[in-house]
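Taken together, the values in this text are just the output of simple stated rules run on the coordinates, not laboratory data. Since the model is a prediction, treat every value here as computed from it, not as a measurement. Backbone-built Cβ (ideal geometry, glycine too); neighbour counts: all protein chains shown.
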Amino acid sequence: MDLNKYNRPVPRYTSYPPANHFTGDFTGSDYSGLIAESNHKEPSHVAIYIHIPYCRQMCHYCGCNSCRLDDERRVRQYVDAVRAEISKVCSLLDRSRKVSQIHFGGGTPNAVDSGYISGIIGLVSGMFGFIDHPEIAVECNPAYLDRQYLQELRDAGVNRYSLGIQDFNLQVLRGVNRLPSAMPVGEIIDFIREEGKASVNLDFIYGLPLQTPETFSETIGDAIALRPDRLVTFSYAHVPWVKRNQAILEKRGLPSPERKMAMFEKAFTMLIDAGYVPVGLDHFVLPGDELNLALQNNTLHRNFQGYCTRRTTGQVYAFGVSAISQLAGGYAQNTKDIGRYIKHIAGGRLATEKGYILSGTEMTVREIITRLMCNYYLNMEELAATMQADVKSVRQLADTCRLDEYAADGLLEFDDREVKVTEKGKFFIRNIASAFDPAYKPEENKYSRPV
Ligand SMILES: C[S@@+](CC[C@H](N)C(=O)[O-])C[C@H]1O[C@@H](n2cnc3c(N)ncnc32)[C@H](O)[C@@H]1O
Ligand code: SF4
């Protein structure tokens, strides 16, 4: 099969519809309506996302909503606004619901004082009960982690640490304006695991300047030796039309799609040989990990924060600039401008700037895409039962998706009961998902490419 046939711009489908379909006519009162409705919807748990946009130094490849931390007073104002937003939104929630997940993402949550993180966890615990073993996760840049900071996170109840390694090769890091870990990564992992309650994920990116299949294999070999619970190999998403900071990497020379594919394939083989199980597009977990157990039962889920299981999944209420709430009936996104965010919240308003209300059919498409992206499998009867829909209407939807072309290329097998993605199809799962998306057009400068 020709790689170029499917290496076309396609959404990552971290949501359906993708965030660039959210509309600006969605207001704070639309969000309040979605919040009220979410009190009665499944999954009933409360999942909380907190966005900390600040970073100490900006990486050229960064695709996240991040900015440089240059004013500590501003950080305090920002965190005060986040706390006020949490109090306001949570006053609209049914407090008998339990919190299953708190996730701090960024930017770099550990760029700010750990007291801000523990304070927010304390604020939420004062308002809600928690499920047994909730997931309390923090994305950390290891360049700014020390034992004291780690201890403070542990004392606050953090039990999942995601460390952005990206690459162990110092030249690669230098080329993207990034510092290496301050402590040896093995020592960080030992510290996190000391009390047996917390787990570690390591993030890597392939497709950066100076990376070759050989250097990336060395990095993955070093990672395997550290035996993290989970490991993610992100394909570098090059979107300089949105993230102008990335343009500089073109001058430094980005690897070709074939070289990128070779990096992923080598890393994939090494991780499988080392006993890791692939989950979704780019995650690898130890066999006992709950994500693998969920994958085996076809019950893996996903939200903007990453993969999760039925145990920890919930209605996602998101706080802070650019944060996206993911509720049963739709999405609400806050403004990306920190000044505007603080002003709205200080004025007693929500900071919603965009959003989307899903139609009944779109809810079904969202469920199909989530199931395929997570479990590589779709059973039409099960789906119809979950959506309380007629199985005929689900089949009709599948009939319009030109699945035979994907089947002819060996990417999936299907009949009128189920769709099964093949091993080869897993690499092009975004393309397969796009077949179910009636609004998808392969436009340039809108989405990154799968490879
Ligand atoms: C918010 S950052 C993680 C925490 C911290 N800021 C750090 O860099 O270590 C989330 C992850 O997104 C990934 N990422 C950022 N920009 C990306 C891009 N353009 N393409 C693919 N992955 C990207 C990186 O692997 C990064 O670890
Ligand atoms: S990758 Fe992480 S540290 Fe680097 S700029 Fe992006 S959010 Fe900040």
Out of all DSSP beta bridges in region 12-319, what portion is antiparallel? Express it as a percent rounded to 5.
20 percent
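Could you compute the FRET efficiency for Ala225 and Lys420, with r as their C-beta to C-beta distance and R0 at 41 Å, rounded to 0.05?
0.75
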I need the phi-derived Karplus couplings for region 51-64: 6.51 cos²θ - 1.76 cosθ + 1.60, θ = phi - 60°, integer Hz, Gly and Pro marked x.
9, 10, x, 7, 9, 7, 8, 8, 7, 4, 7, 4, x, 8
Of the listed peptides 428-436, 44-52, 245-253, what is their order by residue-averaged count of other C-beta atoms within 10 Å, with the highest listed first?
44-52, 428-436, 245-253
Using only DSSP helix segments of four residues or longer, with each worth -39500 (n - 2.57), what per-residue ellipticity at 222 nm results for the chain after dividing by its residue count and rounding to 500?
-11500 deg cm²/dmol
If the reach is capped at under 16 angstrom between alpha carbons, list the lysines near Lys343, excluding any in the same chain fewer than eight residues apart.
Lys88
In whole angstrom, largest first, the equivalent ellipsoid semi-axes that the Cα gyration tensor gives for region 147-220 are 27, 12, 10
With the crude spin-label approximation of a point 7 Å out along Cα→Cβ, what separation in nm comes out for Asp25 versus Arg349?
1.9 nm
Provide the FRET efficiency to the nearest 0.05 for the Ala439-Met127 pair, computing r from the beta carbons and using R0 = 41 Å.
0.65
What pairs from Lys5/Lys424; Lys5/Lys426; Lys354/Lys441 go past 19 Å between their alpha carbons?
Lys354/Lys441
In whole angstrom, the spacing between the Cα centers of region 236-285 and region 97-173 equals 25 Å
May I ask you to derive the relative contact order of region 12-86, considering only C-alpha pairs under 8 Å and at least 6 residues apart, and to give it as an integer percent?
17 percent
If you find the alpha carbon centre of region 312-337 and of region 365-427, how far apart are they in angstrom?
27 Å
With no solvent and one point per C-alpha, what does the Debye sum give as log10 I(q)/I(0) for region 360-437 at q = 0.13 Å⁻¹?
-0.32
Taking 0.36 nm per intervening residue step and subtracting the Cα-Cα distance, what contour gain separates Gln57 from Arg310 on full extension?
87.5 nm
Residue-span extension gain [Gln388 to Tyr149] - 0.36 nm each, minus C-alpha spacing:
81.3 nm
Mean Cα-pair separation over length for region 349-436, i.e. relative contact order, pairs under 8 Å, 6 or more apart, %:
30 percent
Residues of type lysines that Lys41 reaches as a straight line, Cα spacing below 18 Å, ignoring anything fewer than 8 places off in the same chain:
Lys98
Tell me, what is the percent relative contact order of the chain, built from C-alpha pairs under 8 Å that lie six or more residues apart?
22 percent
Taking only Cα atoms of the chain, radius of gyration then Dmax in Å
21.3, 60
